[in-house]
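Notes follow once the structure below has been shown.
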Amino acid sequence: MADENATITRIGFAPDEFDPTVSTRAARLKWVVVVDRDLPPGRAVNAAICAAAATQSAVTGLLGDDVADAEGTVHPGLPWAGCSVLAADADALRAIRAKAASYADTFVADMPALAQETLVYADYRAALSRTAVVDLAYCAVSIVGPRNRVSKIVGRLPLLS
């Protein structure tokens, strides 16, 4: 199991794993973003996007190729292996984050509530550096890891609605 204070372990898909002809369920890794179900819609979307942005930049091979439409306009690649956005209460979200972070081959990006309470990144960093993990509240958690493990961690959480 991984030490939460250790550096982030790099995981992802190798270039030869990208297969646009198969179902997202055939991918080796599963990506989910779990959002605090009690957040107002705007804050929930913000949290999911921020956690996803941190994930996309850290996990290799998540995005498929760019695609041109019939008129030649190019659209940036999307997650070829899919990404489910799920909902959980604050306590479940904290437990899900802790469980996922305990595995070295599972990537976790989180959006602490502190991030939505500040407008200056330096203030967020300072506040986070003074807060123990057990005292953090999370708005969203993004997880990428082995499909079966991620499914077990998130259980049967509902889609965010």
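Summary of computed values
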item: Region 99-122: number of residues that are farther than 15 Å from Ala54 by Cβ and outside any loop (DSSP other than H, G, I, E, B); result: 4
item: Residue match in region 88-104 (condition: without any contact (Cβ under 8 Å) to a residue 40 or more places away in the chain, open to solvent by less than 40 Å² (accessible area, probe 1.4 Å) and more than 16 Å from the chain's Cα centre (by Cα)); result: no
item: Matching residues, region 129-161, being aliphatic (A, V, I, L, M) and open to solvent by less than 20 Å² (accessible area, probe 1.4 Å); result: Leu136, Ala140, Val141, Ile143, Val144, Val150, Val154
item: Candidates Arg149, Arg125 - the one that is at pLDDT 95 or above, under 19 Å from the mean Cα position of the chain (by Cα), in a helix (DSSP H, G or I) and not aliphatic (A, V, I, L, M); result: Arg149
item: Residues being over 22 Å from Glu17 (Cα atoms), open to solvent by 60 Å² or more (accessible area, probe 1.4 Å) and either at pLDDT below 95 or assigned to a helix (DSSP H, G or I) (or both) - total across region 27-72; result: 5
item: Residue among Val85, Val59, Val74, Val67 that is under 22 Å from Ala27 (Cα atoms) and more than 16 Å from the chain's Cα centre (by Cα); result: Val67
item: Unique match (being under 15 Å from the mean Cα position of the chain (by Cα) and not charged (D, E, K, R)) among Val134, Val154; result: Val154
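The values are calculated or read from the model by the stated rules, or taken from the named source; none is laboratory data. All figures in this text were calculated on a predicted structure; none of them were measured in a lab. All Cβ positions, glycine included, derive from the backbone under ideal geometry; neighbour counts span all protein chains shown. Accessible surface areas use protein heavy atoms only, side chains included; no ligands, DNA or RNA. Shrake-Rupley method; radii C 1.70, N 1.55, O 1.52, S 1.80 Å.
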